[in-house]
1. Of the residues K81, K47, which single one is farther than 18 Å from M132 by Cβ and free of Cβ contacts under 8 Å to residues at least 60 places away in the same chain?
2. Residues in segment 84-128 that are over 27 Å from D50 (Cα atoms) and without any contact (Cβ under 8 Å) to a residue 12 or more places away in the chain: how many?
3. Looking only at segment 129-171, count how many residues are part of a loop (DSSP other than H, G, I, E, B) and closer than 17 Å to Y70 by Cβ.
4. Can you spot a residue in segment 71-88 that is under 18 Å from V26 (Cα atoms) and part of a loop (DSSP other than H, G, I, E, B)?
5. Based on this model, can you work out whether D64 counts as charged (D, E, K, R), in contact with a helix residue (DSSP H, G or I) (Cβ under 8 Å, 6 or more places away or on another chain), over 13 Å from A104 (Cα atoms) and open to solvent by 10 Å² or more (accessible area, probe 1.4 Å)?
6. For segment 107-128, enumerate the residues that are of a type outside the set (V, I, T) and within 15 Å of L44 (Cα to Cα).
7. Taking only segment 122-162 into account, find how many residues are loosely packed, with under 11 Cβ neighbours inside 10 Å and within 29 Å of E72 (Cα to Cα).
8. Within segment 29-54, restricting attention to residues that are modelled with pLDDT of 95 or more and either polar (S, T, N, Q) or not in a loop (DSSP other than H, G, I, E, B) (or both), which residue is surrounded by the most Cβ atoms within 10 Å (Cβ to Cβ)?
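The values are calculated or read from the model by the stated rules, or taken from the named source; none is laboratory data. Keep in mind it's a predicted model, so treat the numbers as computed, not measured. So basically every Cβ, Gly included, is an ideal-geometry build from the backbone, and we count neighbours across all protein chains shown. In case anyone asks, the SASA skips ligands and DNA or RNA and just uses the protein heavy atoms, side chains included. Shrake-Rupley method; radii C 1.70, N 1.55, O 1.52, S 1.80 Å.
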Amino acid sequence: MKWSKWEENPVNPAKKFQKKGWCPMVNFVGKYPRQLDDRGRFILPAKIRDKLSGTVYITQSHVDNCLNLYTEEEWEVIANKVRALPTVTDRNAAALQRKLFGNAISCDLDKQGRIPLNQELIDFAKMTKDIMLVGVNAKLEIWDAEEWQKASDAIDSDAVIEGIAKYEINI
């Protein structure tokens, strides 16, 4: 092993070294029904908790009425991309930065594996007691259960097939 290919891991001290330029990636898959408690918290399933280390970030989706949960590592990747945008000279870039970061929260799981949501995020996603966590590769979407069912039912199979062809995905 050549040590020059390794560097200290600044995000997760438990994993002392990582390959240079490498970011550990978490892939979220599956659907998990959950419930919000009276204080706006929900318990992450053990399968999901085991993939997380440290802080998670939650923000409003820019596409749907749901929330997006990102790992600390994935959030850093997004933050670096947004940081490189010309926000001083491009109003769209500045608006994206304000919406993404201004509506986000950062939090740590408590000892019971709960994630707290603030009222603003709950209202944005039209959440009631029953929610659905949906794994979407590098992020976890958090939906009101009824809103998820409507969105899921509205997915057009032809559009999915067209997307597979358009983006040249072999599955």
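1. Details: K47 fails: farther than 18 Å from M132 by Cβ.
After ruling out the rest, the residue left standing is K81.
2. Residues meeting the conditions: 14.
3. The first filter runs over segment 129-171 and keeps only residues part of a loop (DSSP other than H, G, I, E, B), leaving 129, 138, 154-156, 167-171.
After this cut, where a residue has to be closer than 17 Å to Y70 by Cβ as well, the list is 138.
Residues in segment 129-171 being part of a loop (DSSP other than H, G, I, E, B) and closer than 17 Å to Y70 by Cβ: 1 in total.
4. Checking segment 71-88: not a single residue is under 18 Å from V26 (Cα atoms) and part of a loop (DSSP other than H, G, I, E, B).
5. Taking the combined requirement at face value, the residue satisfies it.
6. Of the residues in segment 107-128, the ones of a type outside the set (V, I, T) are 107-114, 116-121, 123-127.
Matches in segment 107-128: C107, D108, L109, D110, K111, Q112, G113, R114, P116, L117.
7. Here the count works out to 1.
8. Among residues in segment 29-54 that are modelled with pLDDT of 95 or more and either polar (S, T, N, Q) or not in a loop (DSSP other than H, G, I, E, B) (or both), the one surrounded by the most Cβ atoms within 10 Å (Cβ to Cβ) is F42.
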